[in-house]
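Single-structure report; data block below.
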Amino acid sequence: MVQQFANTPEGQEAESILRACVHCGFCTATCPTYQELNDERDGPRGRIYLMKMFLEGEEITEKTRDHLDRCLT
């Protein structure tokens, strides 16, 4: 499934966006779920790491899905 997604225009756009992140952490200051839960995986930077893991072929667990689903945007 990952390879099928990676070869789509959406997958290529997602990878481009994810690779553009420099992991500075400035985004966490404006992320409501990070502010509330204080868990890196519930902030933008942490979610980017989780999405990169998916695109690189890692299995998505229920816990990972929970972190991704908490995003409010």
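The values are calculated or read from the model by the stated rules, or taken from the named source; none is laboratory data. The shown structure was predicted, so the numbers you read here are calculated from the model rather than taken from an experiment. Please note: Cβ atoms are built from the backbone with ideal geometry, for glycine as well, and neighbour counts cover all protein chains shown.
Filtered by the rule that a residue be at pLDDT below 95 and of a type in the set (Gly, Ala, Ser), region 22-45 gives Gly25, Ala29.
Could you check, for region 50-66, whether at least one of its residues is of a type in the set (Gly, Ala, Ser) and surrounded by 10 or more Cβ atoms within 10 Å (Cβ to Cβ)?
Of all residues in region 50-66, those of a type in the set (Gly, Ala, Ser) come to 57.
Narrowing further to those that are surrounded by 10 or more Cβ atoms within 10 Å (Cβ to Cβ): 57.
Scanning region 50-66, I find at least one residue that is of a type in the set (Gly, Ala, Ser) and surrounded by 10 or more Cβ atoms within 10 Å (Cβ to Cβ), so the answer is yes.
On the stretch given as region 18-49, residues that are surrounded by fewer than 11 Cβ atoms within 10 Å (Cβ to Cβ) and of a type in the set (Val, Ile, Thr) total 2.
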